[in-house]
Amino acid sequence: MAFIVLENCIKCKYTDCVEVCPVDCFYEGPNFLVIHPDECIDCALCEPECPAEAILSEDEVPEDQVEFIELNAELSEVWPNITERKDPLPDADEQNGVPGKRDALER
Ligand code: SF4
Ligand code: F3S
């Protein structure tokens with residue numbers, strides 16, 4: 001079991017989550033973050049830190065976002081590690097909560 005970054009992170013990328021992760025298991029793409037499922041220790045510290053409420057435990061992922069479980073596993077193998085908070089993307093507050101951002105995920 002691991003925690004999963006979901007669709008609403010796309011185009012927001014607040015990065016508050018990385019500050020609290022005790023095992024530094026977040027990885028950064030152009031407009032999305034992912035969690036490495038084999039490194040996550042399931043501590044749940046990151047979930048309440050995300051202003052976009054984009055992090056959930058694997059067993060709580062809604063049915064229409066199950067593909068993000070595989071996306072976190074896949075992209076955390078190729079994207080670089082991120083361990084410090086940075087500024088969110090410029091339109092983060094406008095993009096927070098906008099539905100249908102999946103196709104905007106940049107690799
Ligand atoms: Fe890191 Fe804990 Fe969140 Fe897993 S649940 S990504 S270990 S802060
Ligand atoms: Fe994304 Fe939320 Fe972290 S928007 S970068 S999962 S704080």
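Derivation of every value follows stated rules applied to the coordinates shown; laboratory data play no part. The structure displayed is predicted, hence computed values, not measured ones. Ideal geometry is used to build each Cβ from the backbone, glycine not excepted, and the neighbour counts take in all protein chains shown.
Structural remarks
- Some residue of segment 40-60 being without any contact (Cβ under 8 Å) to a residue 12 or more places away in the chain and either of a type outside the set (S, T, N, Q) or within 14 Å of ligand 1 (Cβ to nearest atom) (or both): yes
- Taken over segment 77-107, the residue count meeting the criterion of being surrounded by 14 or more Cβ atoms within 10 Å (Cβ to Cβ) and either closer than 17 Å to E39 by Cα or acidic (D, E) (or both) is 2.
- Some residue of segment 75-89 being near ligand 2 (Cβ under 9 Å from one of its atoms), under 10 Å from the mean Cα position of the chain (by Cα) and among the hydrophobic types (A, V, I, L, M, F, W, C): no
- Residue within segment 66-76 that is surrounded by 13 or more Cβ atoms within 10 Å (Cβ to Cβ), on the phi > 0 side of the Ramachandran plot and within 14 Å of ligand 1 (Cβ to nearest atom) present: no
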